[in-house]
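**Student:** What follows is a structure written as structure tokens; I'll ask about it next.
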Amino acid sequence: MKKLLFILLVVILGAVSVHAQDYSQAPKLPKLPKVNWVSWDESCDIAKNEEKVIMLDLYTEWCGWCKKMDKETFTDAEIVEIINNHFVAVKLNPEKKGQTFLYKGQSINSQQLLKLLAEDEQVKYPAIIFYYPEHNEVFTEEGFQKPKSFKHLLKIYVNHNEKLNATALK
């Protein structure tokens, strides 16, 4: 009986050691490009210094469409490139308590910030707010954005920013 248990133990340990072999030599998957998210307080200075638009991604913990957008839209390589080159990206959960933000010299909470930027409109999640701080313009896009349509939207807001900045130089 002891001999049988010993043989069984050797077989089990052998199987475990074969299964736990070193996979460090396996080919690594390429890293997905990532959006360079920054805090709201950083975003205003960066946007002004680099003449970029603030893209505020409004989400909540319970929003399934927000999570889908994170997985499908904000991982698209072309979208990530456009955002990182032309926008200052900020994620904001307006339902998270205890957050304070600076807005035009005032310290406000997330609900107040959303109310100011969305101009008292009820926002449906997910939502993207495009804020042009130098020109005090705000545009809101609500709902899940598929990558193809979101690329088109981003290009529209990039072009608008270029026109605003060109007009400001005159």
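**Student:** Mind grabbing the base-10 log of I(q)/I(0) for the range 112-170 at q = 0.25 Å⁻¹? Debye formula, identical points on the C-alpha positions, no solvent, two decimal places.
**Tutor:** With one equal scatterer per Cα and no solvent, log10 I(q)/I(0) is -1.07.
**Student:** With respect to the cross-link table entries 67/155; 67/115; 31/97; 104/148; 96/163, which display a Cα-Cα separation exceeding 31 Å?
**Tutor:** Details: 67/155 23 Å; 67/115 23 Å; 31/97 33 Å; 104/148 34 Å; 96/163 35 Å.
Exceeds cut-off: 31/97; 104/148; 96/163.
**Student:** For the range 51-170, what % of the accessible area comes from carbon and sulfur atoms, probe 1.4 Å?
**Tutor:** Using a 1.4 Å probe with all protein chains present, the range 51-170 comes out at 50 percent carbon and sulfur.
**Student:** Over the range 81-134, average the accessible area per residue using a 1.4 Å probe and give it in Å², no decimals. List each step's numbers first, then the result.
**Tutor:** Numbers: 2950 Å² over 54 residues.
Per-residue value: 55 Å².
**Student:** So, one more: In the range 94-136, which GluC sites (Glu not before Pro) are in a loop and have at most 10 other Cβ atoms within 10 Å, using DSSP for the loop call? Don't skip to the end; give the middle numbers.
**Tutor:** On the way: sites: 95, 119, 121, 134; in loops: 95, 119, 121, 134.
Filter output for the range 94-136: 119.
**Student:** Determine, for each peptide in 53-60, 85-92, the mean count of other beta carbons within 10 angstrom over its residues, then list the peptides with the highest first.
**Tutor:** Going by the mean number of other Cβ atoms within 10 Å, highest first, we get 53-60, 85-92.
The values are calculated or read from the model by the stated rules, or taken from the named source; none is laboratory data. None of the values given here were measured: they were computed from a predicted structure. In this analysis, Cβ positions are derived from the backbone assuming ideal geometry, glycine residues included, and neighbour counts consider all displayed protein chains. For accessibility, only protein heavy atoms count, side chains too; no ligands or nucleic acids. Shrake-Rupley method; radii C 1.70, N 1.55, O 1.52, S 1.80 Å.
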